[in-house]
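Worksheet for the structure shown next.
Quick note: the coordinates plus some simple rules give every number you see, no bench work behind them. Since we're looking at a predicted model, the values are computed, not measured. Ideal geometry is used to build each Cβ from the backbone, glycine not excepted, and the neighbour counts take in all protein chains shown.
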Amino acid sequence: MTGRPWQWRYFGTREVRLARVWAGRGGIAVHENLFRLRGHRCAHLLAPEEAALVQAAGLVGCRPHWIQRTRTVHFDLVGEFLERALLHCGVNPALPPARLYWNDPGRFPEQTGRAD
């Protein structure tokens with residue numbers, strides 16, 4: 001861990017780019033997947049680096065060997081693990097998946113050219 005608690009944030013199905021930016025800046029991102037895994041809602045857990053990712057995944061009950069080392073290192077979250085991650089983000093797991101959650105163009109100024 002980095003010595004300070006991470007800030008967890010939820011991102012909708014169309015916000016993968018924002019989720020990667022958030023994780024790259026030191027946050028924990030829970031990115032809702034557009035497609036379901038065996039009929040179940042699923043998401044990816046992202047973090048700034050692998051050690052932080054494994055530690056954050058452990059907070060929701062994932063085992064370290066479940067890590068997915070693809071182009072973007074992540075954990076797949078389904079069922080109770082996704083519910084716990086959503087709660088860390090302050091999102092009600094009973095709500096349907098969002099497509100756009102952080103749709104304010106000022107959230108990441110370097111991507112929009114805005115400085116506010």
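TRP66 - would you say it is among the aromatic types (Phe, Trp, Tyr) and either over 17 Å from VAL91 (Cα atoms) or without any contact (Cβ under 8 Å) to a residue 12 or more places away in the chain (or both)? Walk me through how you get there before you give the answer.
On the way: among the aromatic types (Phe, Trp, Tyr): yes; either over 17 Å from VAL91 (Cα atoms) or without any contact (Cβ under 8 Å) to a residue 12 or more places away in the chain (or both): yes.
Yes.
Quick check on ALA23: is it touching a helix residue (DSSP H, G or I) at 6+ places or on another chain (Cβ under 9 Å), small (Gly, Ala, Ser) and part of a helix (DSSP H, G or I)?
For ALA23, the condition - touching a helix residue (DSSP H, G or I) at 6+ places or on another chain (Cβ under 9 Å), small (Gly, Ala, Ser) and part of a helix (DSSP H, G or I) - is met.
Residues of the stretch 51-81 being of a type outside the set (Val, Ile, Thr), in contact with a strand residue (DSSP E or B) (Cβ under 7 Å, 6 or more places away or on another chain) and over 17 Å from TRP8 (Cα atoms), which ones?
TRP66, GLN68, GLY79
Could you list, ordered by first residue, the pairs with Cβ atoms under 9 Å in which the first is in the stretch 34-57 and within 17 Å of VAL21 (Cα to Cα) and the second is of a type in the set (Val, Ile, Thr) and assigned to a helix (DSSP H, G or I), at least 6 apart or interchain?
So the pair list comes out as HIS44/VAL16; ALA47/VAL54.
All but one of (1) surrounded by 13 or more Cβ atoms within 10 Å (Cβ to Cβ); (2) touching a strand residue (DSSP E or B) at 6+ places or on another chain (Cβ under 8 Å) hold for ARG84, so report the exception by its number.
(2)
For the stretch 69-81, how many residues meet the condition of being among the polar types (S, T, N, Q) and either surrounded by 13 or more Cβ atoms within 10 Å (Cβ to Cβ) or over 21 Å from VAL16 (Cβ atoms) (or both)?
Residues that pass the stated criteria total 1.
Of all residues being surrounded by fewer than 16 Cβ atoms within 10 Å (Cβ to Cβ) and in contact with a helix residue (DSSP H, G or I) (Cβ under 9 Å, 6 or more places away or on another chain) in the stretch 1-20, which is nearest to ASP76 (Cα to Cα)? Just the residue, please.
Per the stated criteria, the residue is ARG17.
For ALA98, only one of the following conditions fails: (1) assigned to a loop (DSSP other than H, G, I, E, B); (2) buried (at least 17 other Cβ atoms within 10 Å of the Cβ); (3) aliphatic (A, V, I, L, M). What is its number?
(2)
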